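Structure first, commentary second.
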Amino acid sequence: MDFKIPPILNAQRLLDKAFRRASKKRKEGATKEESRKKTNSAKLNTVAHTLEDTLKRYEEAFPSIDNLPQFYHEIIDIMIGIDKLKKSIGAVNWAKRRTKRVLMESARNLMKKETIEEMEQIRRQAYGRTSSILNQINDDLEFLDDCKKKLNSLPDIQTDIPTVVVAGYPNVGKSLLVSKISSGKPKVAVYPFTTKEVGIGHFELGYHKCQLLDTPGLLDRPDEQRNDIEKQAVNALESLADLILFLYDPTGTCGYPLEDQEALADEIKESFPDVKLIEVDNKSDIDEKDNGRLHMSALEESNLEKLMELIKEGLKYKYDL
Ligand SMILES: Nc1nc2c(ncn2[C@@H]2O[C@H](COP(=O)(O)OP(=O)(O)OP(=O)(O)O)[C@@H](O)[C@H]2O)c(=O)[nH]1
Ligand SMILES: [Mg+2]
């Protein structure tokens, strides 16, 4: 899914946009009063339509939350909060209907007025009430603009192709491996917690296009202690993984002992009993010790072909590769 949400203006900028358009309206009538009545009516209509169209666009730009694939539903909840998002979209809908009602009512009142002063007063009051309605949802508009940035930056993940999720402790070499065996180009660094969100790369197995997801490093700790970054990794495992590639760094250069990494692997196996998991030792260029797993080096690109065979075998329980 690829979100393309347009920028969301705050209350002041939205009002400026509507009032600026309205200020350009001029209508002629037989008398000075009639000209002013028609002009003010056209202004009120312009403000009403500009706000209605814009707010409607904002409302429709956000995906229908309840129909989203599980991965996106969860990730939006982790990053933004589904209830908060729904509340703010609801506030936009409320302001859209409310401003329209106020402006249309004022336009009708305007028709009954005779003097220019009365007409101007109706318009000014309508503008004032409109401003006050929009100011009431300013926090929601600003929040939605922030959501827009977050949603537009989410990875474009397909939920229907073979998907391998790379998991493991921080700093073990997950991102480097993803960059070596797929089209993904995640950031690699010598410090832990480099990867802050789920990254994506693709690779081919025969005629099948497959997805490889790089995830933030996970520590061996209970779910309730996980931070939002780690929660994204768990969510990717839970809702997308056909195969988990669990990467170890047995050399300790990642900064975490092997026993802790093995405890995390056990925990993942327990939490996702239906997902196949393969275990691989990375950084074999530093330490070749045999732990009974395939050992490879992302840095020196050794044993990557064997790894691809393991991945292919691992996906066969679900896909005809
Ligand atoms: N010697 C050696 N270093 C490696 C190997 N693979 C990765 N590294 C190094 O290990 C460090 C961490 O690599 P990353 O790919 O960023 O690790 P990560 O698991 O994605 O880390 P987080 O995103 O923080 O969880 C970097 O300095 C890499 O260059 C390897 O096979 N051999
Ligand atoms: Mg990483």
>> So the check is Cβ under 7 Å with 6+ separation or different chains; which pairs have a first residue in the stretch 248-264 that's without any contact (Cβ under 8 Å) to a residue 40 or more places away in the chain and of a type in the set (D, E, K, R) and a second one that's more than 16 Å from ligand 2 (Cβ to nearest atom) and part of a strand (DSSP E or B)?
In response: none
> In the stretch 165-184, which residue that is away from ligand 2 (no atom under 12 Å from the Cβ) and in a loop (DSSP other than H, G, I, E, B) is farthest from PHE272 (Cα to Cα)?
Replying inline: SER183
> Within the group ASP274, ASP287, which residue is farther than 22 Å from GLY206 by Cα, of a type outside the set (S, T, N, Q) and touching a Ser or Thr at 6+ places or on another chain (Cβ under 6 Å)?
Replying inline: ASP287
> Which is farther than 24 Å from PRO162 by Cα and within 34 Å of the chain's Cα centre (by Cα), of LYS269, LYS283?
Replying inline: LYS283
> Which one of the conditions (1) more than 16 Å from ligand 1 (Cβ to nearest atom); (2) of a type in the set (Gly, Ala, Ser); (3) at pLDDT below 95 does ALA126 fail to meet, given that it meets all the rest?
Replying inline: (3)
>> If I filter the stretch 282-300 down to residues being outside any loop (DSSP other than H, G, I, E, B) and in contact with a strand residue (DSSP E or B) (Cβ under 9 Å, 6 or more places away or on another chain), which single residue comes out as surrounded by the fewest Cβ atoms within 10 Å (Cβ to Cβ)?
In response: LEU294
> Quick one: which of LEU177, LEU218, LEU151, LEU212 is touching a Ser or Thr at 6+ places or on another chain (Cβ under 7 Å) and in contact (Cβ under 8 Å) with a residue 40 or more places away in the chain?
Replying inline: LEU212
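The values are calculated or read from the model by the stated rules, or taken from the named source; none is laboratory data. Because the structure is predicted, anything quoted here is derived from the model rather than measured. FYI the Cβ positions are ideal-geometry reconstructions off the backbone, even for glycines, and counts take in every protein chain you see.
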